[in-house]
Every structure is written in C-alpha cells, then in structure tokens.
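Worksheet: one structure, shown below.
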Amino acid sequence: MIAIVTNFIGFAALVVALFALIINEEKFRLDLYNRRFDIYFRTVAFYWALMKSEESKAAGTFEKLRSDFIIASREAKFLFAPDSGVYDLLMRLNKASFEITGLRDLPKDLPPEDKNENFKRFHEAMMLWNSNIEQLEDLMSPYLNYHYTSAFSALIGRWSRPVFNRGK
C-alpha cells in the first residue's frame, strides 16, 4: 500500500514538473517575443520620427527615439539568429539615419555641385529606409509570429519542431 502511495506521489510530482516546464518554456518564448517586438516598435517609431524629423526635433522627441533605435539595433544582435539578416539590416538603416540627419543639418549656402551631391546621398539614404521597412518586417516575421491558441497546441507545436529551431 505504501509503495502505491509513493508511486502515485512520484507520478503527481512528475506531472507537476512537466507542466511547470511547459509553462516556463512558453513564458521564456513570450519574453523573447516581447523583446523582439520592442525592437520592431522602436525601429518603426524612429522611422516615423526620421521622416518627420523637423516636427520631432521641435517636440524634443527625436534624440530619445534615435537613442532607443540605436540601442534596439544593438540588442538585435543577441535576439535574432545571425543568419536572419535582421541585425545587418538594422545596422545599414542606422548608418543611413546618420547620413540623413547629417545631410539635413549641413549649411544651405554650399556650392551647387555639393548641394546636388548631398541631395543625391540624402535621397539614397531615405530610399534605403523606405524600401527596407517591409523587408525588415519579413525578416522579423518568423520571430514575431505568435499563433498558438491553447496550451495543448503550444505543447504539440513546440515539441514537434527540431531542437535547434526552438528559439524562433
């Protein structure tokens, strides 16, 4: 009789431990999702401020959004797989943002050939941002799709994938 009770208690502890494992794994996945989505959010917020930089500078929000974006782009190195391309794209966008703001702040009384060259560089940097926001969304989408509807589907979905893909 004692052996049956002991086995039952051991089995109950195993079930509780498995449920704790599932809950902790899903919490970790949700935490990663939140951190990754925050990078996306800060990037889009800075993109908007960059496009409307005169208004955001007047409101005093531009430098805060810029520093948030720089921090987010550096964090991306640790939160996305190296072969995802997210970090590389964010670094290109970061470089282009400095080009945009630097060229906007140049004196207006430059020689015409310098103005034309600066306008060309400014336009290329703006086009880089405009054309790569959707690409960034595509690169981030495998990390930001959170489609489990129940704990059971989470259990089946998480454990049916190979171990090396579990971070995504």
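The values are calculated or read from the model by the stated rules, or taken from the named source; none is laboratory data. What you see is a predicted model, and the numbers here were worked out from it, not measured in a lab. Positions of Cβ are backbone-derived with ideal geometry, glycine not excepted, and every protein chain shown enters the neighbour counts.
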**Fill in**
Checking 110, 139 in turn, the sole residue that is part of a helix (DSSP H, G or I), surrounded by 11 or more Cβ atoms within 10 Å (Cβ to Cβ) and either of a type in the set (Ser, Thr, Tyr) or modelled with pLDDT of 70 or more (or both) turns out to be 139
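Conditions (1) under 12 Å from the mean Cα position of the chain (by Cα); (2) touching a residue at least 60 places away in the same chain (Cβ under 8 Å), marked per residue:
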| site | (1), (2) |
| --- | --- |
| 3 | no, no |
| 7 | no, no |
| 19 | no, no |
| 31 | no, no |
| 44 | yes, yes |
| 55 | no, no |
| 60 | no, no |
| 63 | no, no |
| 72 | yes, no |
**Asked** Do you know which residues across segment 70-107 are acidic (Asp, Glu), at pLDDT below 90 and loosely packed, with under 13 Cβ neighbours inside 10 Å?
**Response** 105
**Item:** Unique residue being touching a helix residue (DSSP H, G or I) at 6+ places or on another chain (Cβ under 7 Å) and of a type in the set (Phe, Trp, Tyr) when the list is 122, 98, 78, 41
**Value:** 122
**Request:** Go through 62, 41 for me and flag whichever is surrounded by 16 or more Cβ atoms within 10 Å (Cβ to Cβ) and within 30 Å of residue 120 (Cα to Cα).
**Result:** 62
